[in-house]
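Heads up, the thing below is written out as structure tokens.
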Amino acid sequence: MMKLPSLFLVTLFCLFSQSYAQVITGKVIDSETKESIQGAHVFINGNTGGAVSDSNGNYSFDTLGRSDFKLIVSHVSYDVKIYTFDSVEESFTLNMYLDPSINPLSDIEVTAEKNRRWERRLKQFKSIFLGKAYDPDLIEIENEYLLEFKDLETGGFGVEGQPVLKIQNRHLNYQVYFHLLDFDSRLSSFLGYSDFDEIKDSALDSLELNNRRREAYKGSLRHFFRAVIDDDLKNQGFSANVLSRKESATQTQPGLQNKILRTPLDVRRGLYDTGDLRVKILDNGYFGLEYEGSLEVIYNDKSRFRKPSQITTLTFKKSLVVDTNGVLLNPSSLQLNGHLLDEGVYYYLPSDYTDKD
């Protein structure tokens, strides 16, 4: 059985100083052989500007003034490591020791022939991971040969190991390294860590690129959460309903027991006991969204005439935590159904992307 990635917590408290660059340098090292590891990705999850260790294992990473972040170290042959920092204000050195993966996928040979079952599963994997509406001419998993599929006891299939997938997304002009931690075809769900880099030789002009990225942002989950914390749902094109089931009062109309009732969502900010969705500012500056049950979220793009409404059902498993940009920080706490479930990496934006209206 594949062992889970080791999670390491490093909490650093530094004296405040703006006169120093916030650069983390060091080496990435094999914990068993003590040899340097080349090609390890060092990045802040979901952001742009990651680093890759060189032939001597050296890396240099600029935090760009960020604080309270997770630094991910990822390599196809090793277990992922996570370092969590608070209040980083000075440069420092950090040598990272990675544990070899039990099932290193880097040893998988590239063969010209793949069995039909693998091809069918790869097609289904792409429709979930890349999104049902992706254009194969604009996005490509360059090392899809790393994907080995396995049957799940709960039905459907998953992915062996935890491969680092290299993705060229020319739709949004990003090179994405995605460390896939979990995939479930039955639930159409996946989890992982992502590192974004701009594609430098893009043929897109800046206007077209900005339009594509804005289109990906509008109606997205982060757009909705940003509208919630800004108390601006209507102006941002959203409406939301609380979903509940109507119980049949008589046996003469048995179909009523399955009828879904929709009532407008009541959002309350601050320390309120009332209201359907409660928004609280947490000590770390993030936002806590508390709700029990399912919401129907509807987005209408006012800028495009007669474009059909986008409808998604959100089911809260527990309280959500989102940052000031609307990015969900604990995605396993939420289940999606509907439109947003069909949007995959083809529409993924870095978490530090901001919509410029």
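Summary of computed values
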{"quantity": "Kirkwood-based shape ratio for the range 107-198, expressed as Rg/Rh from alpha carbons", "calculated": "0.94"}
{"quantity": "Column: log10 I(q)/I(0), Debye, Cα scatterers of the range 23-102, q = 0.11, 0.14 Å⁻¹", "calculated": "-0.25, -0.41"}
{"quantity": "Length released on extending from Asn235 to Lys150, taking residue separation times 0.36 nm less the Cα-Cα span", "calculated": "26.1 nm"}
{"quantity": "Virtual spin-label span in nm between Ile199 and Ile311, 7 Å along Cα→Cβ", "calculated": "3.5 nm"}
{"quantity": "Förster radius 22 Å - calculated FRET efficiency between Asp182 and Glu292, Cβ distance, rounded to 0.05", "calculated": "0.35"}
{"quantity": "Per-peptide average of other Cβ atoms within 10 Å, ordering 157-165, 115-123, 229-237, 194-202 highest first", "calculated": "157-165, 194-202, 229-237, 115-123"}
{"quantity": "Whole-angstrom gap from the range 148-184 to the range 314-333, using each part's C-alpha centre", "calculated": "21 Å"}
{"quantity": "Contour minus Cα-Cα distance for Asp62 and Asn211 (0.36 nm per residue)", "calculated": "50.8 nm"}
{"quantity": "Burial ranking of peptide ranges 176-183, 60-67 (average Cβ count within 10 Å, highest at the top)", "calculated": "176-183, 60-67"}
{"quantity": "Dmax and Rg, reported as Rg then Dmax, of the range 130-248 (C-alpha, Å)", "calculated": "18.3, 62"}
{"quantity": "Thr354 paired with Asp137, simple spin-label distance in nm, labels 7 Å along Cα-to-beta-carbon", "calculated": "3.6 nm"}
{"quantity": "Relative exposure of Val321, Val228, judged by other C-beta atoms within 10 Å (fewest first)", "calculated": "Val321, Val228"}
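Each value in this text was obtained by applying a stated rule to the coordinates, not by laboratory testing. Being a predicted model, the structure only gives us computed values, none of them experimental. Don't worry about glycine lacking a Cβ; one is built from the backbone with ideal geometry, like all the others, and counts go over all protein chains shown.
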